[in-house]
Each structure stands twice: as C-alpha cells, then as structure tokens.
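Engineer: Take a look at the following structure, please.
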Amino acid sequence: MSEHAKIKPSHLSRIAIVYVRQSSAAQVEHNRESTARQYALTQRATALGWSTDRVTVIDEDLGLSGATAHQRSGFARMTAEVALSHVGIILGLEVSRMARNNADWYRLLDLCSMTDTLIGDADGVYHPSLFNDRLLLGLKGTMSEAELYVLRARLDGGIRNKAARGELRRGLPVGFVWGEADGEILLHPDAAVSGAVREVFERFAEFGSARRVWLWFRNEGLSFPLQTHARAPMRWVAPTYTAIHAVLSLGAHRN
C-alpha cells in the first residue's frame, strides 16, 4: 500500500505533528543541518495533504536524550495529543528522534493504533494497526534502542581506556587546570583565583570543616571565582558550599 493510500480524510482533518529533537545541546549547536532537516518535515506534511495551519512543530525537547521520556515535555505533549485523537500523523526524521527506549516507543505505537494515528519518517508512512507496518516500526524501535546501547558501550570503553592510560580529563573545580603531563593538575595561573583557592585550604587547616570555611567566606563578605565551563569567562560571586567542598575534595584526592 502506498503512503498516500494510507492517508484518509479523517487523518487530514486532524493536525500533523512534526517532532524535532537532538540528544544534547552540543548536537543542537553543531549538527545544524540535521536540525534543519527535521524542521523541513513541515514541507513533507503539506506534500502529504495537510494544510499549513494544521501542521504543528514540537521542538521543546531539543537538547534532551531520547533514552527516556522522563523530563521530555515535548514527547509528553505529543502523546497527550495523540491520546485525545487530535493527531492525524506524527512525522520525525527517524524513529530514534521520538524514542530510544522500547517501552516508550511501544506505548506510543499502541496509542497511535487505538486512535488511528499515522507515523511517518524519511522512509515512508506507517499505520501502527497494520501488521506489516507495526512489525517494521517495532524493528526500527529495537534498532534505535540497540544503537543507544552500542554508543554507550563505546563511550564507556573509551573512558576506561583513557583512564587506564592516565589521559582522562574531566571537569575540574574552579581554581584548578590540567597541566601538560598525564594526570597533572595545577592551580589556576590567575593570581587572584589561585589565591582564593589557597585561602580555602588555609581556613580548612584552621577550622577542619568545609562548612565552617564556607561560612567564614560568607561572613567576611568575600567573593569566590565561578567558571561554568572551560571557555566561559571567570566571574566572582558569593561562594557556595558546593564550590568550597569541591575544591577541598580535589585537594584531598591529590594528597
């Protein structure tokens, strides 16, 4: 059955949802072509027969993983619209954009089947209540979930190998930087920043408690450096207990 043959007037009378998602903020920033292709699915919806005023884009899950539906407000909104029989078709560039978890994926398929909602991706249009289409969608979901496990395994393996070689470099508390040698950690080259860190250790030697060090900084009205990531500018703010504790914890591990 051709994709147009599956589309009935009852489908066209409802909305078409274009679901847009990337797994992380970095993907949103760097994989702009993929994001643009997802937004371009609005044109596919109109080519399939939906009027432009009946095409809805749901993109609030940009930057969120598809491993679970938890905290994905866009996915929740989409499934709610499907459950209310408001949706004629859901369009995504590929199944993995919708869910990389089979439990979430099959719940969506069941809802679509019960409410006569179509699903479309770059390969075609499917009706979850048709056996062959359901089988194919199930396989796509299984492949998507398996791909996630493979990606995780590769990432974990790479991290373990780097750690074994002493080359693993993760984020450091403010006031510390990585040196040239493997595993080398140095104080920040900025004198004011390194001075604040030294003050933390000096006060800890005096008080013996991270909380008392934090309270001392607060009572003295002193600021503490804050850097949200390696390329972000250094800012001076009221110190938090977490920041003080992180500095002391790293110092303990170094010793």
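The values are calculated or read from the model by the stated rules, or taken from the named source; none is laboratory data. Treat the numbers as computed from the prediction; the structure is a model and nothing was measured. All Cβ positions, glycine included, derive from the backbone under ideal geometry; neighbour counts span all protein chains shown.
Engineer: Does GLY120 count as closer than 28 Å to LEU62 by Cα, touching a helix residue (DSSP H, G or I) at 6+ places or on another chain (Cβ under 6 Å) and modelled with pLDDT of 70 or more?
Structural biologist: For GLY120, the condition - closer than 28 Å to LEU62 by Cα, touching a helix residue (DSSP H, G or I) at 6+ places or on another chain (Cβ under 6 Å) and modelled with pLDDT of 70 or more - is not met.
Engineer: While we're here: Restrict the check to segment 139-159 and report whether at least one residue is at pLDDT 80 or above and part of a helix (DSSP H, G or I). Quick ask: steps written out before the conclusion?
Structural biologist: Quick first cut of segment 139-159, residues at pLDDT 80 or above only: 139-140.
From what's left, part of a helix (DSSP H, G or I): 139-140.
Scanning segment 139-159 turns up at least one residue that is at pLDDT 80 or above and part of a helix (DSSP H, G or I).
Engineer: Identify, please: which residue in segment 107-135 is surrounded by 16 or more Cβ atoms within 10 Å (Cβ to Cβ) and of a type in the set (A, V, I, L, M) and is, among those, nearest to the chain's Cα centre (by Cα)?
Structural biologist: LEU108
Engineer: Continuing with the same structure: Considering only segment 184-250, give the strands (runs of 3 or more DSSP E) lying wholly within it that have at least 3 residues that are touching a residue at least 24 places away in the same chain (Cβ under 8 Å) and within 13 Å of PRO173 (Cβ to Cβ).
Structural biologist: Fully inside segment 184-250 and qualifying: 224-226.
Engineer: Which helices (runs of 4 or more DSSP H) does segment 1-66 wholly contain that include 1 or more residues that are of a type outside the set (Ser, Thr, Tyr) and at pLDDT below 85?
Structural biologist: Once the helices (runs of 4 or more DSSP H) in segment 1-66 are filtered for at least 1 residues that are of a type outside the set (Ser, Thr, Tyr) and at pLDDT below 85, what remains is 3-6, 25-30, 32-39.
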